[in-house]
Amino acid sequence: MKRRKYVLDSYAVLAYLQAERGGAKVKDLLKEAKASDVQILLSVINLGEVLYVIERKLGYETAMNTLKDILRLPIQVAEVPLERVLAAAHIKAQYAIAYADTFAVALAQELEATIVTADPEFKRVESLVDILWLLGKDG
């Protein structure tokens, strides 16, 4: 049986951390990752996006504590090699989505993984990757 792989975008991580709508689905995936063959990934670029959002709202110390919390979760933080930077740039050139989001798309393409999000921008790249919608396509 093929291992199921999921790529979280920043929306999914923030929904989980802040117990927002959709966060429960992320929590369920994380439980599955601890107990089974589910692999959860997060691009280091999207991790940076999560951290700057938290720092803006709650300060640097909270952002660093959040980083520690994230690193304790069953999430593999994916570094960004040049090949993925080039793939993300190519996606950005063709689709009107945020640059950070293109790294989630490129990672999901590379690993044949499903993106986990509620960000409606990802509707624009549904032809490129599978998407697990946390709230439906319209948020």
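Structural remarks
- Two-site FRET efficiency, Glu20 against Glu83, from Cβ-Cβ distance with R₀ of 25 Å, rounded to 0.05: 0.15
- Cβ-based exposure ranking for Val85, Val53, Val13, in which fewest neighbours within 10 Å come first: Val85, Val53, Val13
- Sites matching trypsin sites (Lys or Arg not before Pro) across segment 91-139 that sit in DSSP coil, with at most 13 neighbouring C-beta atoms within 10 Å: Lys137
- Potential lengthening between Leu67 and Leu135 on full extension [0.36 nm per residue; Cα-Cα distance subtracted]: 22.0 nm
- Computed on the chain, the Cα convex hull volume stands at 107 Å³ per residue.
- Relative contact order, whole percent, for segment 77-139 stands at 27, derived from Cα pairs under 8 Å and 6 or more residues apart.
- Over all other residues within a Cβ to Cβ distance under 10 Å of Glu49, the charged ones net out to -2, with Lys and Arg as +1 and Asp and Glu as -1.
- Ranking of Ser127, Ser36 by count of other Cβ atoms within 10 Å, fewest first: Ser127, Ser36
- For segment 4-36, applying the loop criterion from DSSP together with a ceiling of 13 other beta carbons within 10 Å to the trypsin sites (Lys or Arg not before Pro) yields Arg21.
- For segment 57-138, applying the loop criterion from DSSP together with a ceiling of 16 other beta carbons within 10 Å to the GluC sites (Glu not before Pro) yields Glu79, Glu112, Glu126.
- For Arg4 and Glu55, the difference between the fully extended length at 0.36 nm per residue and the C-alpha to C-alpha distance is 15.2 nm.
- Backbone N within segment 76-91 under 20 Å of label point (7 Å from Leu128 Cα along the Cβ vector): 78-91
- Put simply, the C-alpha atoms of segment 1-75 give a gyration tensor, and the ellipsoid matching it has half-axes of 23, 12, 11 Å, longest first.
- Entry note, the chain: the mean residue ellipticity at 222 nm calculated from DSSP H runs of n ≥ 4, each adding -39500 (n - 2.57), is -17000 deg cm²/dmol after division by the residues and rounding to the nearest 500.
- For Ser36 and Glu121, the difference between the fully extended length at 0.36 nm per residue and the C-alpha to C-alpha distance is 27.6 nm.
- Tensor-based shape of segment 47-101 (alpha-carbon gyration tensor, a/c under 1.5 rounded, otherwise prolate or oblate): oblate
- Amide H contacts under 5 Å for Gln39, placed H, 5+ residues apart: Arg4, Lys5, Tyr6
Only the coordinates and a few stated rules stand behind these numbers; no lab work does. Computed from a predicted structure; not experimentally measured. When we count neighbours, we look across all protein chains shown, and the Cβ atoms used for this are built from the backbone with ideal geometry, even at glycine.
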